[in-house]
Amino acid sequence: MNVLHAIILAIIEGLTEYLPVSSTGHMIIGSSLMGIAHEEFTRIFTVGIQFGAILSVVVLYWRRFFEGFSTYPLLVAGFIPAAIAGLLFKDAIDLLLENIGVVAAALFIGGIVLLFIDRWFPHDHEDRQAPLGWKDALFIGCFQVIAMVPGISRSAATIIGGLTRKLSRAQAAEFSFLLAVPTMCAATAKTLWDHYQEGGMFTAEQWKLFGIGNAVAFVVAALAIKGFVGFLNKHGFKPFGWYRIGLGALLLALLWAGVDLRVI
């Protein structure tokens, strides 16, 4: 991996982490096309730069984190299902991360689902004033487990989970952003710890790539978050659904034709 690879992957992470299009899926596609997907450092890098995206949420929603503690029990409740599933199925999840066919299928199927979300969950609850409860958070956390399959999208799954609890789109999106903080922190820490336990060390060049990647991911993610809720309220989920269907169909067609997507 070089600096250009790091910047491209960080832009992908920042743009897609909080949109319902699957950041993991897009980074697998991006790293595969750049021919670096099977490098050990690439796998660690794509998880490690999530810290920059996490920090953007903390900065943008700092009042929720530092003015009172009402948010923390909700985040704990929402995080528990993913923590349990991650510990139980880590090896299986790691295998799926190496399969671009799984990503393509998940993008396509998830896109079809998004086409119908606006019909299933219209704006009926946009004026809901009731606060989010721990049962809501736990339920949304169960949806987050589904997103462990690369290509599903953590953001899409948790927002849909929130809509099923009759949250407004803005409420569901905001909690999805907040829930990303403990989830992604845990995933990043676990990956780095496992690498350390296996005797892995980073070179000065790799630390530089981490720094560049996190800085780029922070800026791009902050811009994406600020524009996403307004776009979602105005245009709904269909644009994301059609995008996912188009990308998934293209990848499936290329794979069916025998194109090696791991090298450009």
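None of the figures in this text is laboratory data; all of them are computed from the coordinates on show. In this text the structure is predicted, and so the values were computed from the model without any measurement. Cβ: placed from backbone, ideal geometry, glycine included. Neighbour counts: every protein chain shown.
What's the local net charge at LYS190, with K and R +1, D and E -1, over the other residues with C-beta under 14 Å away?
-2
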In whole angstrom, largest first, the equivalent ellipsoid semi-axes that the Cα gyration tensor gives for the range 189-264 are 32, 24, 12
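Ranking request for peptides 238-245, 144-151: highest mean number of other beta-carbon atoms within 10 Å first, then the rest in descending order.
Listed from highest to lowest mean packing, they are 144-151, 238-245.
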Just list whichever of LYS135/LYS226; LYS190/LYS238; LYS208/LYS234 have alpha carbons separated by over 30 Å in the model shown. LYS190/LYS238; LYS208/LYS234
Specify the inter-centroid distance of the range 174-199 and the range 1-80, based on alpha-carbon positions, in whole Å. 9
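Using the Cα gyration tensor of the range 70-176, with a ≥ b ≥ c the square roots of its eigenvalues, what is the shape: rounded (a/c below 1.5), prolate (a/b larger than b/c) or oblate (neither)? Kindly include the intermediate steps, with their values, before the conclusion.
Details: a/c = 3.40, a/b = 1.32, b/c = 2.57.
Oblate.
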Karplus-derived HN-Hα couplings along the range 191-198 (A = 6.51, B = -1.76, C = 1.60, θ = phi - 60°), whole Hz, x at Gly and Pro: 5, 5, 5, 4, 5, 5, 4, 7
Out of TRP62, PHE89, LEU115, whose Cα points farthest toward the positive end of the dipole of the range 3-256 (charges: +1 Lys, Arg; -1 Asp, Glu; placed on Cβ)? LEU115
If you average the sequence gap of Cα pairs under 8 Å that are 6 or more apart and divide by the length of the range 64-171, what percent do you get for the contact order? 38
Rounded if a/c under 1.5, otherwise prolate or oblate - the range 111-235, Cα gyration tensor axes: prolate
ASP136, ASP91 arranged by Cβ crowding within 10 Å, fewest neighbours leading: ASP91, ASP136
Per-residue ³J(HN,Hα) for the range 224-233, Karplus 6.51 cos²θ - 1.76 cosθ + 1.60, θ = phi - 60°, Hz, x for Gly and Pro: 5, 4, 5, x, 5, 4, x, 5, 5, 5
Estimated [θ] at 222 nm from DSSP helical runs (n ≥ 4, -39500 (n - 2.57)) normalised by residues in the chain, nearest 500: -25500 deg cm²/dmol
By how many degrees, between 0 and 90 and to the nearest 10, does the Cα long axis of helix 134-146 differ from the longest principal axis of the chain? 30
Measuring from its Cα centre, the chain shows a charge dipole (+1 at each Lys and Arg Cβ, -1 at each Asp and Glu Cβ) which, in debye to the nearest 20, is 700
By how many degrees, 0 to 90 and rounded to 10, does the Cα axis of helix 154-164 deviate from the longest principal axis of the chain? 20
Long-range tail of P(r) for the chain (Cα pairs > 33 Å, %): 16
Semi-axes a, b, c in Å (a largest) for the range 1-111, each sqrt of 5 times a Cα gyration tensor eigenvalue, come to 27, 19, 13
When you count, for each residue, the other Cβ atoms within 10 Å and take the mean per peptide, how do 13-20, 178-185 rank with the highest first? 13-20, 178-185
